[in-house]
Amino acid sequence: MVLSAGTSAGCSWSDHEGLCGRPTASGGPGIRVGPIGRLGPAGTGEAVVRTVSSRYSPDPERLAAFAQRIQKSKNPVLVYGPEIERAGGWDAGIKFAERLKAPVYISPLTDRASFPQTHPQFRGMAPMAIGPLSKKLRGHDLIIVIGAQVFRYYPYVAGEYLPEGAELLQVTSDPYDAAAAIVGDSLLSDAKLALDAFIEAVPAVTSRPAAAPLHIERKLPSPPNSPLTALEAFSALSELRARGRDRGEWRPLQISPISCSPGR
């Protein structure tokens, strides 16, 4: 954020919050719309540049309580959200899942992948609606949501928010998502820092086997379908990519900047 000295001195806390934006993991901008007179003599004085940290560690007592509940669970399940990838927690997420030997879903309508889809513990995307999601997680006594909302629901399909006998723990860096969660207990923290702390606090599970991998049909149909299935399309792209790389013709995708002018 850059403000002139005169402007920053004239801002109330509400103005400052609006200009800075609500601090979230996405680090998106904020816009404050208000009377011009509230901001004082804008553009006067020397520019003042400020920086704000966007990461924070979990509360130690709260984290210890979460770790204890995770350790006591008999059949936990993990739901990973986009905050893990944004925080650089890809490897930590894999390590924690393998340490816990729990199946892993990605959160509904996620905008980033935070767990490898080829990993044997991967179970796909969690259903988006209340009833189907609860049904999918049935049999698990503890649902551990890291870096995601609880939950993104669409469309409305009636059902219980949690399967019978299940509890939910949420780790998020967004106070709004923690407050908006319909069920469960929340811990505010950067996703990677929380995962690193869980890895240290939760012993590796030896009492149960790792979840069996999903069966994914990788054999291409013969003759090809028309139109192509997703598996056939990606297979064709992989083959073309390999040919281009072998011939020295493959290049990373380059996106040219778009020039916009008024009226266009």
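Just one of (1) surrounded by fewer than 20 Cβ atoms within 10 Å (Cβ to Cβ); (2) of a type outside the set (A, V, I, L, M, F, W, C); (3) under 14 Å from the mean Cα position of the chain (by Cα); (4) closer than 18 Å to I143 by Cβ fails for G81. It is (1). Close contacts from segment 59-81, counting a first residue that is on the phi > 0 side of the Ramachandran plot and a second that is among the acidic types (D, E) and assigned to a loop (DSSP other than H, G, I, E, B), with Cβ to Cβ under 8 Å and a gap of 6+ residues or different chains, come to none at all.
The set of residues in segment 169-211 that are more than 12 Å from S57 (Cβ to Cβ), assigned by TED's automatic domain parsing to the domain that holds L142 and among the basic types (K, R) is empty. Given the criteria of a type in the set (K, R) and touching a Lys or Arg at 6+ places or on another chain (Cβ under 7 Å), does R112 qualify? For R112, the condition - of a type in the set (K, R) and touching a Lys or Arg at 6+ places or on another chain (Cβ under 7 Å) - is met. I'd like to check something: does segment 205-222 contain any residue that is of a type outside the set (A, V, I, L, M), touching a strand residue (DSSP E or B) at 6+ places or on another chain (Cβ under 7 Å) and either at pLDDT below 80 or assigned to a strand (DSSP E or B) (or both)? No, segment 205-222 contains no residue that is of a type outside the set (A, V, I, L, M), touching a strand residue (DSSP E or B) at 6+ places or on another chain (Cβ under 7 Å) and either at pLDDT below 80 or assigned to a strand (DSSP E or B) (or both). In the set (1) in contact (Cβ under 8 Å) with a residue 40 or more places away in the chain; (2) buried (at least 23 other Cβ atoms within 10 Å of the Cβ); (3) of a type in the set (F, W, Y), the condition left unmet by Y56 is number (2).
Residue-wise test of (1) out of contact with any strand residue (DSSP E or B) (no Cβ under 9 Å at 6 or more places or on another chain); (2) surrounded by fewer than 17 Cβ atoms within 10 Å (Cβ to Cβ).
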position: V104; (1), (2): no, no
position: Q117; (1), (2): no, yes
position: I144; (1), (2): no, no
position: V150; (1), (2): no, no
position: P163; (1), (2): no, no
position: L168; (1), (2): no, no
position: I182; (1), (2): yes, yes
position: D185; (1), (2): no, yes
position: A191; (1), (2): no, no
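Does segment 103-125 hold any residues that are touching a residue at least 40 places away in the same chain (Cβ under 8 Å), closer than 16 Å to L214 by Cβ and in contact with a Phe, Trp or Tyr (Cβ under 9 Å, 6 or more places away or on another chain), and which are they? Selection gives P103, Q121, F122, R123, G124.
Here R138 fits the description: assigned to a loop (DSSP other than H, G, I, E, B), touching a residue at least 12 places away in the same chain (Cβ under 8 Å), in the same structural domain as L100 (by TED's automatic domain parsing) and closer than 19 Å to A102 by Cβ.
Table: residues versus (1) β-branched (V, I, T); (2) modelled with pLDDT of 95 or more; (3) in contact with a Ser or Thr (Cβ under 9 Å, 6 or more places away or on another chain).
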{"site": "Y154", "(1), (2), (3)": "no, no, no"}
{"site": "A178", "(1), (2), (3)": "no, yes, yes"}
{"site": "D190", "(1), (2), (3)": "no, yes, yes"}
{"site": "L193", "(1), (2), (3)": "no, yes, yes"}
{"site": "A201", "(1), (2), (3)": "no, yes, no"}
{"site": "E232", "(1), (2), (3)": "no, no, no"}
{"site": "L240", "(1), (2), (3)": "no, no, no"}
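Is it the case that V183 is closer than 26 Å to Y161 by Cβ and part of a loop (DSSP other than H, G, I, E, B)? Yes.
The values are calculated or read from the model by the stated rules, or taken from the named source; none is laboratory data. Note that the structure is a prediction, hence the values are computed from the model and not measured. Don't worry about glycine lacking a Cβ; one is built from the backbone with ideal geometry, like all the others, and counts go over all protein chains shown.
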